[in-house]
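For reference, the structure discussed in these notes is given below.
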Amino acid sequence: MSASIVIVDYGMGNLRSVQKAFEKVGFRAIITREHELIKSATHIVLPGVGAFRDAMKNLNSLGLVEVLNEEVLKNKKLFLGICLGMQLIAQKSYEFGECEGLGWIEAEVIKFDEGDLKIPHVGWNSVDYASPSILFENVPNGSDFYFVHSYYFNALNSYVIGHSSYGRNFICALQKDNIFATQFHPEKSQKHGLQIIKNFASLTKESLC
Amino acid sequence: MLKHRLIPCVLLKNWQLVKSIEFDSYRTIGHPTATVRVYNSRNVDELIVLDIDASLNNEPINSEIITDMANECFMPLTIGGGIRTIDDVYTVLGAGADKVAINSEAIKNPLFIKEIATIFGSQCVVCSIDVKKVDEAYRVFSKKDGLLDIDPLELALEYEKQGAGEILLTSVDRDGTTKGYDIELLKLFKNALKIPIIINGGMGEPKHAIEALQNGADALAAAYIFHFTQFTPQMIKEELSLNHYPVRLS
């Protein structure tokens, strides 16, 4: 079965740039908030820039939390969270006060607060692999990717596939079964980023088993 | 490790990308989408495009051409020029930009920065400050209103307080001159801000890039050097790397 990719539109950030990255590597992706379209997809992408609280509020009010839980956790659809989309799968965030996330991974989202660090962490930073993942196929270890964020994903190391360093080491990529997530923006990271988009789009549920 | 960014900063005028010389005359760089394609292949780290028709002549923002450029741009794209309302920000981001650069509107109303940051996040707001040196003092310069009696660092601190994500600091005197960045200006800003500073105006050879990073710049914007000298982005980055400044090499 060919990939049917949806980019979840919940009013947070630049979805078109994610869509054109899929197009660039030869895949069609639909931007939608329609439950039925998300349910019929094989691949679900949750991008997003902006504040955690607003994002959760939007996901809730659009009824998307239930749909995502059902499709990703129960039906094991392939999922890619990007930037805020990665942070949202944590249990909670401390951005503008404590706020509950989707809770797919035991993790918290906390602010960088190391000394003289400039915040946000913005620009290209290298990613070191923590464990092998199909997401990084054909991407050399240590490649640079584009980041822009003030909060980071803090979790146990069990699902970590990539680390980066900004004042401290932090988790910038993870995989838990069918769930993939990156703190960096593959859609803004030129050839290596496009390779990651391609790797994700080329996956099938069966290939993960 | 976080890399220092090298960022072409060009102007959009009459559907062409151009480079200004001391904010006065213009040299044509080329067709927007063709130029973006070239930048993409030459390993620059971001792109800033300022629409001067929209900012100077009150024309609507050219969202058609922004869309065309964004479609070719697989790196962060900042669009500025003539952004006066939240609707303008929606238009520009909807056309595919990742960040907006705000200049004149924020001088009049710094709360505009806060408004954008609240809705779209600080990472989305680049505050652009144009500076001119007059009688040994630095003052904010407005393309429309000329020299203003505003201290650029005070303005930058105000922007930071309102939630700006980055400062784009341009020396009008050095713009398009290849004389090097205004290091004295940069020194005034060194360690004063918690947000990144992109220095702009005057890079004519790789050693200017080193000087700027030595003196507190986080990222380097330029245009003239990429189009009207023998130096390529890669050559500048190699020189920086040799001098132990982390950069993204291809």
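Nothing in this text is a laboratory measurement; each read-out follows from the coordinates by a stated rule. No experiment lies behind these values; they were computed from the predicted model shown. Every residue, glycine among them, receives a Cβ derived from its backbone with ideal geometry; neighbour counts consider all protein chains shown.
Could you work out, residue by residue across B:118-128, how many beta carbons of other chains sit within 10 Å of that residue's beta carbon, and then give the average as an integer?
Working: counts 3, 3, 6, 12, 7, 12, 5, 0, 0, 0, 0.
Rounded to a whole number, the mean comes out at 4.
Going by Cα centres, the range A:23-53 and the range A:152-199 are how many Å apart?
That distance is 18 Å.
For chain B, what does the helix formula give at 222 nm: sum of -39500 (n - 2.57) over DSSP H segments with n ≥ 4, over the residue count, nearest 500 deg cm²/dmol? Before the final figure, lay out each step's value.
Details: 11 runs with 91 residues, N = 250.
Calculated at 222 nm, the ellipticity per residue is -10000 deg cm²/dmol.
Summing -39500 (n - 2.57) over the DSSP H runs of n ≥ 4 in chain A and dividing by its residue number, what mean residue ellipticity at 222 nm do you reach, to the nearest 500 deg cm²/dmol?
Details: 7 runs with 51 residues, N = 209.
Value at 222 nm, helices only: -6000 deg cm²/dmol.
What are the residues whose amide H is under 5 Å from the amide H of residue A:173, where those residues sit 5 or more places off or on another chain and H is modelled from the backbone?
A:161, A:162, A:183
Taking H placed 1.01 Å from N in the peptide plane, check which residues at least 5 places from residue B:222 or on another chain put their amide H under 5 Å from its amide H.
Under 5 Å from the amide H of residue B:222 lie the amide H atoms of B:7, B:9, each far enough along the sequence or on another chain.
Testing the spin-label approximation: label points 7 Å from Cα along Cα→Cβ at residue B:27 and residue B:118. State their distance in nm.
If labels sit at residue B:27 and residue B:118, their model points lie 4.5 nm apart.
Counting alpha carbon pairs within less than 8 Å and at least 6 residues apart, what relative contact order, in whole percent, applies to chain B? Numbers along the way, then the final one.
On the way: 539 pairs, mean separation 46.8, N = 250.
Once divided by the residue count of chain B, the mean separation gives 19 percent.
Per residue of the range B:209-219, what does 6.51 cos²θ - 1.76 cosθ + 1.60 with θ = phi - 60° give for ³J(HN,Hα)? Whole Hz please, x for Gly and Pro, Karplus curve as stated.
5, 5, 4, 5, 5, 4, 10, x, 6, 9, 9
Is the range B:5-242 best put as rounded, prolate or oblate by its Cα gyration tensor, with a ≥ b ≥ c the root eigenvalues, rounded for a/c under 1.5, and otherwise prolate when a/b is larger than b/c, oblate when not? Numbers along the way, then the final one.
Numbers: a/c = 1.37, a/b = 1.03, b/c = 1.33.
It comes out rounded by the Cα gyration axes.
Just add up the charged neighbours of residue A:145: K/R +1, D/E -1, any other residue whose Cβ is under 14 Å from the Cβ of residue A:145.
0
Determine the gain in length on full extension of the stretch residue A:37-residue A:128; use 0.36 nm per residue of separation and subtract their C-alpha separation, reporting nm with one decimal.
Numbers: separation 91, 0.36 × 91 = 32.76 nm, distance 3.53 nm.
The span from residue A:37 to residue A:128 would gain 29.2 nm if fully extended.
Through the Karplus equation 6.51 cos²θ - 1.76 cosθ + 1.60, θ set to phi - 60°, convert the phi angles of the range A:104-111 into ³J(HN,Hα) values in whole Hz; use x for Gly and Pro.
Values per residue, Gly and Pro as x: 7, 9, 5, 6, 10, 10, 10, 7 Hz.
With θ set to phi - 60°, apply the Karplus curve 6.51 cos²θ - 1.76 cosθ + 1.60 along the range B:79-84 and write out the HN-Hα couplings as whole Hz, x wherever there is a Gly or Pro.
10, x, x, x, 8, 10
Assuming R0 = 25 Å, can you tell me the calculated FRET efficiency for the pair residue A:113 and residue B:158, based on Cβ-Cβ distance, to the nearest 0.05? All intermediate terms of the calculation are to be shown ahead of the outcome.
Details: r = 23 Å, r/R0 = 0.92.
E between residue A:113 and residue B:158, to the nearest 0.05, is 0.65.
Rounded to the nearest 0.05, what FRET efficiency do residue A:23 and residue B:149 have when you use their Cβ-Cβ distance and R0 = 35 Å? Could you put the intermediate results ahead of the total?
Details: r = 50 Å, r/R0 = 1.42.
That pair, residue A:23 with residue B:149, gives E of 0.10.
Once you sort the root eigenvalues of the Cα gyration tensor of the range A:38-89 as a ≥ b ≥ c, which label holds: rounded (a/c under 1.5), prolate (a/b larger than b/c) or oblate (the other case)?
Details: a/c = 2.27, a/b = 1.45, b/c = 1.57.
Taking the square roots of the gyration eigenvalues as a ≥ b ≥ c, the range A:38-89 is oblate.
Please list, in chain and number order, the residues 5+ apart from residue A:30 or on another chain whose amide H is under 5 Å from its amide H, with Hs placed from the backbone.
Hits under the 5 Å cutoff: A:5, A:6, A:7.
Explain nothing, just the number: relative contact order of the range B:160-250, from Cα pairs under 8 Å at least 6 residues apart, as a whole percent.
Details: 151 pairs, mean separation 23.9, N = 91.
Computed value for the range B:160-250: 26 percent relative contact order.
At 7 Å along Cα-to-Cβ for each site, give me the label-to-label distance between residue B:34 and residue A:141 in nm.
Distance between the two pseudo-spin positions: 4.4 nm.
Mind running the shape call on the range B:1-100? Use the C-alpha gyration tensor, a ≥ b ≥ c as the square roots of the eigenvalues: rounded below 1.5 for a/c, prolate if a/b tops b/c, oblate otherwise. Walk me through the numbers on the way to the answer.
Working: a/c = 1.56, a/b = 1.18, b/c = 1.33.
Oblate.
Within a Cβ distance under 11 Å of residue B:63, other residues only, what is the Lys/Arg minus Asp/Glu net charge? It would help to have the intermediate numbers written out before the result.
Numbers: positive: none; negative: B:51, B:64, B:68, B:88.
Surrounding charge for residue B:63 is -4.
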